[in-house]
Amino acid sequence: MDDIKTNDTGKPETLRKPKWIRVKAPVSKGYNQTRNLMRDLGLNTVCEEAACPNIGECWEQKHSTVMILGDTCTRACAFCNIKTGRPNPVNPDEPYNVAKACGDMGMNHIVVTSVDRDDLADGGADQFVKVIEQLRIHAPDTTIEILTPDFRNKPIDALESVIDAKPDVFNHNLETVPRLYPRIRPGARYYNSLRLLDKVKQRDPSIFTKSGIMVGLGETKIEVAQVMDDMRAADIDFITIGQYLQPTKRHVPLDRYVTPEEFKAYERMAKGKGFTMVSCSPLTRSSYLAGDDFAILKANRAEVLAKQANRKG
């Protein structure tokens, strides 16, 4: 699908997808096996719900981002394709089912995310903890990455319980620059999200932290640079930057396609600011090739620590 924006006359204008954005339809045997397993266990994936363009490649390799706490979000972010409404009750079997799917797929690294659940007293924190616990029992060799909501207006011990469950990577996306929050993430607050990631590092410095933004929403390069600085001030290890793709005509319009050359410039900028890991391309998504990136992230941190030890010696 091509993306729609409004021109100076107020009429819709179609922006044709450039060749670097187009991906093949998912048709492989591996894709179907992953899809069938998720169906059999009654699990949702953000890959499907958010219409990820990389689903064919990832599911072919049995990489999947499981979405817990149902398929209905209590918020209505202007960029997101996940449905909004009144969610169903939390499924008590979900933690075990996630762990079983992980074991059946032979995953070395799993990403667990969720919808926003503002209706729950803890925002869904306890379900994250239970999923991590089940994964540690039934898939002990699998590294765990979580991509959480912002737990806005929830007790601090909700966030702390998830941190104390010790996922290997704690991811929470800032999504865009502060100026665009009222239009793009009206139910969230930029500095609340930033503080969440800062609190993770303060409570457990051993956990890798990760965050990402979309570009092509009308942000400026100076604003992106400021977000990078804010992330580094919160000691975030890993930044992802990808192209916003408008899911449907009712979602926020695409401002423009950012070129591969501009993505390369953002990548150089992020590395210059000291991120341990950078993933930056038109099709980059938070969970895309997350296992491979985690291995690189660990190696990069080990190299940094070794250099620091040598300087002290």
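The values are calculated or read from the model by the stated rules, or taken from the named source; none is laboratory data. Please read these numbers as outputs of a predicted model, since none were measured by experiment. Cβ coordinates were reconstructed from backbone atoms using ideal geometry, including for glycine residues, and neighbour counts include every protein chain displayed.
A quick yes/no check of all residues on (1) within 19 Å of L174 (Cβ to Cβ); (2) part of a helix (DSSP H, G or I); (3) hydrophobic (A, V, I, L, M, F, W, C); (4) at pLDDT 90 or above:
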{"site": "H251", "(1), (2), (3), (4)": "yes, no, no, yes"}
{"site": "V258", "(1), (2), (3), (4)": "yes, no, yes, yes"}
{"site": "E261", "(1), (2), (3), (4)": "no, yes, no, yes"}
{"site": "K264", "(1), (2), (3), (4)": "no, yes, no, yes"}
{"site": "Y288", "(1), (2), (3), (4)": "yes, no, no, no"}
{"site": "F294", "(1), (2), (3), (4)": "no, yes, yes, no"}
{"site": "A299", "(1), (2), (3), (4)": "no, yes, yes, no"}
Would you point out the residue of the stretch 73-89, among those that are free of Cβ contacts under 8 Å to residues at least 40 places away in the same chain and buried (at least 17 other Cβ atoms within 10 Å of the Cβ), that is farthest from L217 (Cα to Cα)?
P87
Tell me, which residue of the stretch 128-152 that is out of contact with any helix residue (DSSP H, G or I) (no Cβ under 7 Å at 6 or more places or on another chain) and closer than 27 Å to A76 by Cβ is surrounded by the fewest Cβ atoms within 10 Å (Cβ to Cβ)?
L147
Condition broken by V131, with the remaining ones in (1) closer than 15 Å to N44 by Cβ; (2) at pLDDT below 95 satisfied
(2)
Any chance the stretch 92-108 includes a residue that's modelled with pLDDT of 90 or more and either touching a Pro at 6+ places or on another chain (Cβ under 7 Å) or in a loop (DSSP other than H, G, I, E, B) (or both)?
yes
Residues being of a type outside the set (D, E), touching a strand residue (DSSP E or B) at 6+ places or on another chain (Cβ under 8 Å) and not in a loop (DSSP other than H, G, I, E, B): count how many of those fall in the stretch 137-159.
4
Going by the structure shown, is D116 assigned to a loop (DSSP other than H, G, I, E, B), under 16 Å from the mean Cα position of the chain (by Cα) and either within 30 Å of M228 (Cα to Cα) or modelled with pLDDT of 95 or more (or both)?
yes
Inside the stretch 169-238, counting only helices (runs of 4 or more DSSP H) that do not spill past its ends, which hold 3 or more residues that are within 18 Å of the chain's Cα centre (by Cα)?
190-203, 221-233
Might you let me know whether the stretch 136-148 holds any residue that is within 25 Å of C80 (Cβ to Cβ) and among the basic types (K, R)?
no
Per-region count, the stretch 193-245, residues free of Cβ contacts under 8 Å to residues at least 40 places away in the same chain and touching a Pro at 6+ places or on another chain (Cβ under 6 Å)
0
With respect to K166, determine if the residue is out of contact with any Pro (no Cβ under 9 Å at 6 or more places or on another chain), of a type in the set (K, R) and either within 24 Å of T240 (Cβ to Cβ) or surrounded by fewer than 18 Cβ atoms within 10 Å (Cβ to Cβ) (or both).
yes
Is it fair to say V112 is surrounded by 20 or more Cβ atoms within 10 Å (Cβ to Cβ), of a type in the set (V, I, T), over 16 Å from G291 (Cα atoms) and in contact with a strand residue (DSSP E or B) (Cβ under 7 Å, 6 or more places away or on another chain)?
no
Members of the stretch 194-226 that are among the basic types (K, R) and crowded, with 21+ Cβ neighbours inside 10 Å:
K210
